Amino acid sequence: MSDTHDDLPHSEELAADIAEAEAEAGLDDGLGPIDALIAERDQWKDRALRAVAEAENTKKRAETQSNDARAYAIQRFARDLLGVADNLERALMAAPKDAGAGEAGLVTGLELTQKSLLQAFESNNLKRVAPEPGEAFDPHLHQAMMEQVSDSVQGGQVIQTLQAGYALFGRTVRPAMVVVAAKGSGAAAGNAAYAAAAATGGNFDQKA
């Protein structure tokens, strides 16, 4: 009799162990062995997807921090070089179009120097911003120096770039200085101006 009673605690422990195993396998939720395995697989799959997503986010954050650190390191140096680029551009604009042999060689040298400098800028992600006439005005990249009525472009578009700007890793180092078309500009504005000049017998200049 005592032997039977002594075995009861062991039976209860065994039953408890079985119940715990079934709970871990999902059997206590009415799931069969296959369903429990499928559920466990889905859990591990979800964990794996979360881990991959977290790794991708970590990689993107590291790239952003690396770009920020690089941009900060060369931003001041880049600003100093912008003056050199501006002087080269002014020299080329002032160069005579009908230069002789000696002057033509000097102009060619300036053009090659400018090309090399701009290539060095590009290789370090310092990009020139010089919007063409008709491009939309972007307050993040452009600075409006003046506003004019134009018959060739619509209001809010760039008429002319006065000085090129530069952006480093997508961040504006110096905005491009531009002339912007005033509200109401466009073909209709040009026609109205022409009609008004003709009616008064005045001269009409189609330039903005």
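The values are calculated or read from the model by the stated rules, or taken from the named source; none is laboratory data. Please read these numbers as outputs of a predicted model, since none were measured by experiment. Cβ sites come from the backbone with ideal geometry, for glycine too, and all protein chains shown count toward neighbours. Heavy atoms of the whole protein, side chains included, go into the accessibility calculation; ligands, DNA and RNA do not. Shrake-Rupley method; radii C 1.70, N 1.55, O 1.52, S 1.80 Å.
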Among the candidates E122, E132, residue that is loosely packed, with under 14 Cβ neighbours inside 10 Å, under 18 Å from R171 (Cα atoms) and charged (D, E, K, R): E122
Options E132, E111: the member that is more than 24 Å from A181 (Cβ to Cβ), of a type in the set (D, E) and without any contact (Cβ under 8 Å) to a residue 60 or more places away in the chain: E111
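Matching residues to (1) at pLDDT 85 or above; (2) open to solvent by 100 Å² or more (accessible area, probe 1.4 Å); (3) in contact with a Phe, Trp or Tyr (Cβ under 7 Å, 6 or more places away or on another chain):
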position: D6; (1), (2), (3): no, no, no
position: D17; (1), (2), (3): no, no, no
position: L27; (1), (2), (3): no, no, no
position: L31; (1), (2), (3): no, no, no
position: E40; (1), (2), (3): no, no, no
position: R47; (1), (2), (3): yes, yes, no
position: T64; (1), (2), (3): no, no, no
position: N87; (1), (2), (3): yes, no, no
Breaking point among (1) open to solvent by 40 Å² or more (accessible area, probe 1.4 Å); (2) within 15 Å of R174 (Cβ to Cβ); (3) of a type in the set (A, V, I, L, M), for M93: (2)
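Looking only at region 140-152, which residues are assigned to a loop (DSSP other than H, G, I, E, B), closer than 16 Å to A182 by Cβ and open to solvent by 60 Å² or more (accessible area, probe 1.4 Å)?
Selection gives V149, S152.
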Check on A51, open to solvent by less than 70 Å² (accessible area, probe 1.4 Å), in contact with a helix residue (DSSP H, G or I) (Cβ under 9 Å, 6 or more places away or on another chain) and either at pLDDT 90 or above or more than 30 Å from S123 (Cβ to Cβ) (or both): no
Positions within region 159-185 being open to solvent by 40 Å² or more (accessible area, probe 1.4 Å), within 15 Å of F137 (Cα to Cα) and hydrophobic (A, V, I, L, M, F, W, C), in sequence order: L162, M177
A71, sole failed condition from (1) farther than 29 Å from A182 by Cβ; (2) open to solvent by 60 Å² or more (accessible area, probe 1.4 Å): (2)
Criterion: modelled with pLDDT under 90, among the hydrophobic types (A, V, I, L, M, F, W, C) and under 22 Å from the mean Cα position of the chain (by Cα) - qualifying residue of A94, A71, A99: A71
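Got a sec? Which of D35, D80 is charged (D, E, K, R), at pLDDT 75 or above and surrounded by 13 or more Cβ atoms within 10 Å (Cβ to Cβ)?
After ruling out the rest, the residue left standing is D35.
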